[in-house]
Amino acid sequence: MAGEQLQVLNALDVAKTQWYHFTAIIIAGMGFFTDAYDLFCISLVTKLLGRIYYHVDGMEKPGSLPPNVSAAVNGVAFCGTLAGQLFFGWLGDKLGRKKVYGMTLMLMVICSVASGLSFGHTPKSVMATLCFFRFWLGFGIGGDYPLSATIMSEYANKKTRGAFIAAVFAMQGFGILAGGIFAIILSSSFNAMFEAPSYEDDALRSTVPQADYVWRIILMVGALPAALTYYWRMKMPETARYTALVAKNAKQAASDMSKVLQMDIEAEPQKIEQIKEQKSGFGLFTKEFAKRHGLHLLGTTSTWFLLDIAFYSQNLFQKDIFSAIGWIPSAKSMNAIDEVYRIARAQTLIALCSTVPGYWFTVAFIDKMGRFAIQLMGFFFMTVFMFALAIPYDHWTHKDNRIGFVIMYSLTFFFANFGPNATTFVVPAEIFPARLRSTCHGISAASGKLGAIVGAFGFLYLAQNQDKAKADAGYPAGIGVKNSLIVLGVVNALGFLFTFLVPESKGKSLEEMSGENEDNEPQGEAEPPSSSGRRTAPVA
């Protein structure tokens, strides 16, 4: 059966867009909605944590998290995500996508709630328990990346596969938006119920005791969307490609997909026997894999790594950039809950104007323009806008030019999302063999999270003022926001170059991209096809 595809896989490739496609997008996408909410809601409350737990009487400025604590609180979930991507990516190829899918979701639900319940009597103990649960929350989130991408790619048809995988990823935008909107509503409600003066008017009374509930509720609400989709995840059948090509149970695959596609799919006993006789194929650490897919894996890991350095350093610390250009007032002119409201409002505006539209532009155009063109375009414009912000940075800090700065800054986000932030997620789910697909996606995603850690931790220190006296409390002098933006521009330019290692997968079947049709030789001689040729299932 060299070059010949199972009828069940061909039926999936040529199926018209049906209700089950949208169901799969929602079930997989709600995981990503939760991922984004959980990862980014922490940046809404870090300033509040500093005011509550690190207040020092008589200080001119409100309390803030010490550098090591801030780095831990912001970055520990990424460390967990990186570990989860590698572990669950590997497990998804060993046990099957569906078996592992429920584990990741339950971990996210439990750890979201536990993060908000972080206990202790001292700042150190509260932060330690928060970091502990955020790590395991990240571990669960990490598993969602390779599993959701792989499941969606294996369920989709050839024609619109890119849009379906990108739509799952685009739910991140709604997660970021939901986090901001919920924080706005919650902080407004608390502000109305518990009025407090600004820090400069009364330092002690500016942080009301009830402010401690605000950050806890924001973190805990992340459990809701994950819990709501658990039942539906458990009802999804295993993907036909895993069942047929990895578990070598083509009969079960045909049976499962007959129900999903609502059509009769022949079990093809001859091909089932041939599949059972096949060699298991080359592994990840083999010369054959290096020869066929080594450069592809280098391309997907390097571009995702470089993209996330730029993307996460901006996203996590945009509140600092807004403060630097005066878009958020100085901390001492607000009370604690009002500061949460202002930060949430700024992040929501950016998400609404650039992040969410960028994701959905990718969904609309990825199967027309192709992955390669969108990724190149995205990196190119990110580089251009980053340098346009950085080189005349002093110009943008003047009050009259702040709106221009925010527009330019929003455009870098727009082209990150209508660009490599989406395509780096899509491509690894399409170009590797079924038996290694989840593992290779996990490795690529983990490389991205390594970039996120570099961006999140590095930017904390790099963006500090060059004059130590003007740097945030406890931080050494950095290279300043201007030079940090130049560094990020260079990172984006490197991403543009490494994109040339990634193949175009538009309009091709997964088996065609991974070369599995050519691999599907039984150990004996392949039987010639019957005179009637290959049978194709009718399209529903």
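Values quoted throughout were computed directly from the atomic coordinates according to the rules given, and no laboratory measurement underlies them. All values reported here derive from a predicted model rather than from experimental measurement. All Cβ positions, glycine included, derive from the backbone under ideal geometry; neighbour counts span all protein chains shown.
Annotations for the structure displayed:
- In order through the range 159-174: 3J(HN,Hα) via Karplus (6.51 cos²θ - 1.76 cosθ + 1.60), integer Hz, x for Gly, Pro: 5, 10, 4, x, 5, 5, 5, 5, 5, 4, 5, 5, 5, 4, x, 5
- Straight-distance crosslink candidates among lysines, where the alpha carbon sits under 21 Å from Lys158 and sequence neighbours closer than 8 are dropped: Lys16, Lys259, Lys368, Lys506, Lys508
- Calculated FRET value between Arg402 and Ser333, using beta carbons and R₀ = 22 Å, to 0.05: 0.85
- Label assignment, semi-axes √(5λ) of the Cα gyration tensor in Å derived from the structure, set (i) 54, 33, 19; (ii) 46, 24, 19; (iii) 49, 28, 20: (ii)
- Rounded to 10°, Cα long-axis angle of helix 123-155 versus longest principal axis of the chain: 30
- Couplings 3J(HN,Hα) of the range 204-217, computed from phi: 6, 7, 5, 10, 6, x, 5, 4, 5, 6, 4, 5, 5, 5 Hz, in residue order, whole Hz [Karplus 6.51 cos²θ - 1.76 cosθ + 1.60, θ = phi - 60°; x for Gly and Pro].
- Entry note: the range 359-446 has Rg to Rh equal to 1.14, where both radii use alpha-carbon atoms and Rh is the Kirkwood radius.
- Calculated FRET value between Arg216 and Lys124, using beta carbons and R₀ = 25 Å, to 0.05: 0.90
- Once C-alpha pairs closer than 8 Å and six or more residues apart are averaged by separation and normalised to the residue number of the chain, the relative contact order reads 26 percent.
- When the Cα positions of Phe182, Ala163, Gly84 are compared along the charge dipole of the range 80-239, Ala163 comes out farthest toward the positive end, with charges on each C-beta of Lys, Arg, Asp and Glu.
- Contour minus Cα-Cα distance for Met234 and Glu60 (0.36 nm per residue): 57.3 nm
- Out-of-range pairs (alpha-carbon distance over 26 Å; input Lys99/Lys251; Lys61/Lys468; Lys251/Lys287): Lys251/Lys287
- Rounded FRET efficiency, nearest 0.05, which uses the C-beta distance separating Val490 from Leu298 and R0 of 30 Å: 0.95
- Note on Leu117 and Lys470: the extension gain reaches 123.6 nm, defined as 0.36 nm multiplied by sequence separation minus the Cα-Cα distance.
- Global form of the range 408-509, assessed from the alpha-carbon gyration tensor, a/c cut-off 1.5: prolate
- Backbone N atoms of the range 36-62 closer than 19 Å to the 7 Å Cα→Cβ label point of Ala477 are not found in any residue.
- Judged by the mean number of other Cβ atoms found within 10 Å, the most tightly packed of the peptides 13-20, 354-361, 333-340, 437-444 leads the ranking 437-444, 333-340, 354-361, 13-20.
- Note on Asp394 and Lys259: the extension gain reaches 42.4 nm, defined as 0.36 nm multiplied by sequence separation minus the Cα-Cα distance.
- Over the range 151-219, equivalent-ellipsoid semi-axes from the Cα gyration tensor in Å: 44, 10, 9
- Principal-axis tilt of helix 480-498 within the chain, Cα atoms, nearest 10 degrees: 10
- Angle in degrees between helix 356-369 and the longest Cα principal axis of the chain, rounded to the nearest 10: 30
- In Hz, Karplus ³J(HN,Hα) per residue of the range 220-230 (6.51, -1.76, 1.60; θ = phi - 60°; x = Gly, Pro): 6, 4, x, 6, 4, x, 5, 5, 5, 9, 4
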